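What follows is one structure encoded as structure tokens, with my remarks underneath.
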Amino acid sequence: MTQMTFARAINSGLRRSLDNDPKVLLMGEDIGTLGGVFRVTDGLQKDFGKHRVVDTPLAESGIVGTAVGLAYRGYRPVVEIQFDGFVYPAFDQIVSQVAKMHYRSRGAVKMPITIRIPFGGGIGSPEHHSESPEAYFAHTAGLRVVTPASPQDAHTMIQQAISCDDPVVFFEPKRRYHDKGEVDESLDPNSAPPMGQARVVTDGSDVTLVAYGPLVKTARDAATAAADEGVSVEVIDLRSLAPVDFATVEASVRKTGRLVITHEAGQSGGLGAEVAASITERCFYHLEAAPVRITGFDVPYPYSKVEMHHLPNLDRILDGVDRALGRPNSLSGLEG
Amino acid sequence: MHCAQFLPRWLYHLNIVSMVTINRGKGAREAGKRRYHESCRGMVTRRQKVAATVVTDDAGQGGTIAGQDNNAGRRGGAGHSMVQLITPTGERVSHPEYDPWVRDVSDEQLCSLYEDLVVIRRIDKEATALQRQGELGLWPPLLGQEASQVGSVRSLRDDDFIFPSYRENGVAYCRGVDLADILRVWRGAASGGWDPYAVNMAIPQIVIGAQTLHATGYAMGIQNDGADSAAIVYFGDGATSEGDVNEAMVFAASFQVPLVLFCQNNHWAISEPVRLQSHTQLVDRGAGFGIPSMRVDGNDVLAVMAATRVALDRARRGGGPTFIEAVTYRMGPHTTADDPTRYRDPNELEDWAAKDPIGRVHALLDRKGLFTAEFEAGVRTKADAVARELRAGCVGMPDPEPLDVFKHVYSTPNSWLDRQQDHYSRYLASFGDPAGATQEEGAR
């Protein structure tokens, strides 16, 4: 076990993948000499050369589109989109090319491409640097979408994503890049829990609290605070957003009877809606209350002086937990 | 008035226009010139202006290289010269720079190229007929572009990799793609017709220009592997406006990858003329990225071959990408769902019919005494046989199974999709026999 930051854990995972498979290569803007704007790829070009850690021109569609061609040739490209809000120029290549090529070629052409995207807010950045676009990709057939919430998961899941024969959009919670945690670098990704599997972070019996990415830590803190008030919250880290491991969530809700989902992305058409609908379909008669969503608002990502109002925090999550439990909360009296 | 104006629309679809072309000689070209003067004299509509300037693009003038085209004229500059080795009247003209690249093409090979051109036109005609008969949902004819496709694909090695758009069905034929597989997509029986690795040719790209980036990435892979093969990507004049094509040229130039950017300027992107896409010659776009660029008569199979060989040689030697603008013309509709009479002057079609890619090789073979009755009959027999095989492969293609809709979305198990498939299977089973249920649905 080694104590390391989230960013370092990804770096270490990338290094292992580069070591283990000569077909793995990294592409992106500023990832080589600079080591990435968040230093996630620090030192990798020096050690693996500029043909395996490629500084690309500033063209996101170009980065993903050339990765498609490299995958056609048998490579496993790992591309970095510098910030969440810059992924849209590559949208066609991701949605129409990366996601569909296996289907269109009737299984002949595999697209083992990993698209790394730092996402989420809370770092005081200007616009386009703090977005949560995961639902666009979770909605796209052919893609897998995952997001790690701990340094250990970051280290393991990046390797699992790279070795996956399907394309994976890998969202990295950028405000957690500098959080530290214990990482077992010797852990074999093949024997670790698969990236498609959700994880129960905190056992509980009164309410199920589903989170992913940057909000898993917030959810865990909320569970600790709730425990002080005698409420037992079971926190689930989804890890995979497409597909969602509903079996794990369902098992928890069958136990607690109550469901709260939280994410930074806007509410409407988001992952929370999918989780709420699917869990309601699967175990309606085990639910004691309607599922509650605590999410960002349906607004363009706001400027940094007000972003704290947009982002779900510990208190808003606890307010949602109170709603699920039928305890006094900010909307008491409004609900039917 | 010109006879082309009386050509009924069905002629476009059935490709009979080409027959007119083959028998057209010098007289027709002169008629074209006359029209130019007429249109300059009188009131000229915008569309007639296009037709008029296109005439100045006559590649066959005096058996020399045509220097100007409509874009060059508008630009007021000299423009790139257009490489031509066979004039529209079938004269083999010499070109010191490009002759050496096709010196090895024997009479026998020339006959074989002719056969390719004719067979491809026959495939195109048969597929159009199959669409009209309801056997295909759609077909994108390549009528008029045969030489661009044959000249380029016949220059490739087996280990070169092709990234086509949806109109490169002539390329697919020459590459050895199974005839039924060419039609699979257009019949709606699959989203991709063939295994790309079996023929080193990607499945057709529908999103305009997206494949240029794939080819560039593939060429990056070739470079990493230290191989001496190349990638070639086909796209059209409209595609040169797409961001992806421009990004591909940035990447290709920056990394100096072994890539041939083969642009068939067929003058029309559905209803939009090429001048709407570019204020300069398209070849200038490649040059603007620092990519060596050539402008070639795309209706001249030999010139296309020479240019492609130049580009491939550069790629194999580590000299990086090449841009080729093959100046050709889409004589048919964009697809069988299109109606070019709504936007195109029939005079323009007639002008290009006089520059037909097949007619000039026919004339050249004739001059050489190679176009014997026996040869002609042999080519026709071959074309008819291919058409029969194409038709049989099309109508005999088994329909996909209902649950095929779920196949190949992922290569690994997916809990969401597996559940949906399971539920739909149960739904089908609730009718008793899944196949029966589908038939009943179809009958309604």
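Just so it is clear, none of the values below were taken in a lab; they were calculated from the coordinates. Just so it is clear, the structure is predicted and the values come from calculations on it, not from any experiment. Don't worry about glycine lacking a Cβ; one is built from the backbone with ideal geometry, like all the others, and counts go over all protein chains shown.
Some values worked out for this structure:
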| read-out | value |
| --- | --- |
| Residue-wise HN-Hα coupling along segment B:360-370, computed from phi with Karplus coefficients 6.51, -1.76, 1.60 (Hz; x: Gly, Pro) | 6, 6, 3, 5, 5, 4, 4, 4, 7, x, 9 |
| Cβ-based net charge around residue A:55, under 11 Å, with every Lys or Arg adding one and every Asp or Glu removing one | -2 |
| Likely footprinting exposure, A:106, A:175, fewest C-beta neighbours within 10 Å first | A:106, A:175 |
| Amide hydrogen neighbours beyond the local backbone of residue A:265, cut-off 5 Å, H modeled | A:296 |
| Footprinting exposure proxy for B:308, B:341, A:218 (fewest neighbouring C-beta atoms within 10 Å first) | B:341, A:218, B:308 |
| Global form of the protein assembly as shown, assessed from the alpha-carbon gyration tensor, a/c cut-off 1.5 | prolate |
| Integer Hz, Karplus 6.51/-1.76/1.60 couplings in order for segment A:235-241, x for Gly and Pro | 9, 10, 8, 5, 6, 10, 9 |
| Kirkwood Rh (inverse of mean 1/r, distinct Cα pairs), segment A:195-336, angstrom | 14.9 |
| Using θ = phi - 60° and Karplus 6.51 cos²θ - 1.76 cosθ + 1.60, couplings along segment B:180-192 (whole Hz; Gly, Pro as x) | 5, 5, 4, 8, 3, 5, 6, 8, x, 9, 5, 8, x |
| Relative contact order [Cα under 8 Å, 6+ residues apart], segment A:2-183, whole percent | 27 |
| For residue A:258, residues with placed amide H under 5 Å, excluding near neighbours | A:208, A:288 |
| Helix runs (DSSP H) in chain A reaching 30 Å along axis by Cα, Kyte-Doolittle at least 0.5 | none |
| Relative contact order (%) - criterion: Cα under 8 Å, at least six apart; region: segment B:140-202 | 36 |
| Distant-in-sequence amide H partners of residue A:202 (H built 1.01 Å from N, under 5 Å) | A:235 |
| Global form of chain A, assessed from the alpha-carbon gyration tensor, a/c cut-off 1.5 | prolate |
| Of all DSSP beta bridges in the protein assembly as shown, antiparallel share, percent nearest 5 | 20 |
| Segment B:194-339 - percent relative contact order, Cα under 8 Å, separation 6 or more | 26 |
| Filtered trypsin sites (Lys or Arg not before Pro), segment B:302-342: DSSP coil and at most 13 other beta carbons within 10 Å | B:317 |
